[in-house]
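The structure appears right after this line, and notes come after that.
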Amino acid sequence: MWTADRIESSLDVGGSSVIWAGLTVAARPPDRTHPYGHGKAEPIAAIIVAVGVLAAAVGLAIQSVREIFLPHHAPAPWTLAVLVVAVVIKETLYRYAIRFGREITSPAGKTDVWHHRMEAMPSIAAFIGISVALIGGEQWQTADDWAALVACAVIAANGVRLALPAFHEIMDSAPGGKIVRSIYNIASSVPGVVEVEKCYARKMGLDYYVDLHVGVDGQISVNEGHEIAHRVKAAIQQSDSRVADVLVHIEPAQL
């Protein structure tokens with residue numbers, strides 16, 4: 001189980017590095033070869049981390065099952081003190097991150113702060129397993145390995161939790177929450193807009209890209225329709241800084 005907690009901590013450091021690199025690339029502006037930006041680097045990095053986490057969980061589970069049937073000694077008592085320190089640090093990081101996420105009103109930050117609390121669970125499982133093994137004596141030495149299996153389930157759950165949103169983003173799934181409804185309402189309120197027929201949005205890294213079909217009076221000029229499209233785009237981008245671009249298709253409304 002001590003090995004399980006060390007592996008989980010190593011995954012945290014390595015995973016954070018990959019996620020940081022992915023966010024750094026995703027924040028780069030569009031260029032000639034990537035006119036839509038580099039936003040997909042964020043979910044790609046998340047999937048890489050998720051695959052690594054799931055592979056580590058499976059490998060650790062296999063090792064734990066093997067050790068249950070092999071004779072071995074209980075871990076050293078001093079490992080309990082290390083685990084207590086680890087739990088305190090991870091809980092402190094969680095509390096700092098949740099406060100920081102609220103201050104910057106970052107949806108991604110608010111979601112990811114739970115990772116620190118999830119990390120504490122393998123350490124708690126390790127503490128319980130090692131304590132049982134030390135107190136129970138020779139007959140309970142496998143308690144450490146059974147606790148490791150619990151930690152494997154927690155680690156695997158983290159991997160799945162990280163992978164699912166990334167897969168949805170790569171597949172251009174419609175974003176949840178109020179963003180689409182908000183965009184629809186803002187576009188409908190722009191003077192000259194008769195109706196909003198279609199409203200699509202997709203997440204690209206840190207930003208959102210929007211496609212709209214806006215109905216206007218069919219008797220107005222092309223220039224007037226063009227101006228309405230610009231007003232719709234400006235209104236949406238001013239309402240939400242996460243909207244990087246808005247493509248507005250103007251068509252005659254059914255009056």
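The values are calculated or read from the model by the stated rules, or taken from the named source; none is laboratory data. Quantities reported herein were computed from a predicted structural model and do not represent experimental measurements. Neighbour counts run over all protein chains shown; Cβ positions are idealised from the backbone, glycine included. Remember, those area values only see protein heavy atoms, side chains included, never the ligands or the DNA or RNA. Shrake-Rupley method; radii C 1.70, N 1.55, O 1.52, S 1.80 Å.
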### Message
Being open to solvent by less than 70 Å² (accessible area, probe 1.4 Å), farther than 12 Å from Gly159 by Cβ and modelled with pLDDT of 75 or more is the requirement here; does Val65 meet it?
### Response
yes
### Query
Is it fair to say Ala81 is crowded, with 17+ Cβ neighbours inside 10 Å, modelled with pLDDT under 75 and in a helix (DSSP H, G or I)?
no
### Query
Quick one: what pairs do we get from segment 166-182, first residue under 19 Å from Tyr36 (Cα atoms), second part of a loop (DSSP other than H, G, I, E, B) and of a type outside the set (Asp, Glu), C-beta under 7 Å, 6+ apart or different chains?
Ile170/Lys40
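For every residue, the table says whether it meets (1) part of a helix (DSSP H, G or I); (2) free of Cβ contacts under 8 Å to residues at least 24 places away in the same chain.
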site: Ala21; (1), (2): yes, no
site: Thr24; (1), (2): yes, yes
site: Asp31; (1), (2): no, yes
site: Tyr36; (1), (2): no, no
site: Glu42; (1), (2): yes, no
site: Leu54; (1), (2): yes, no
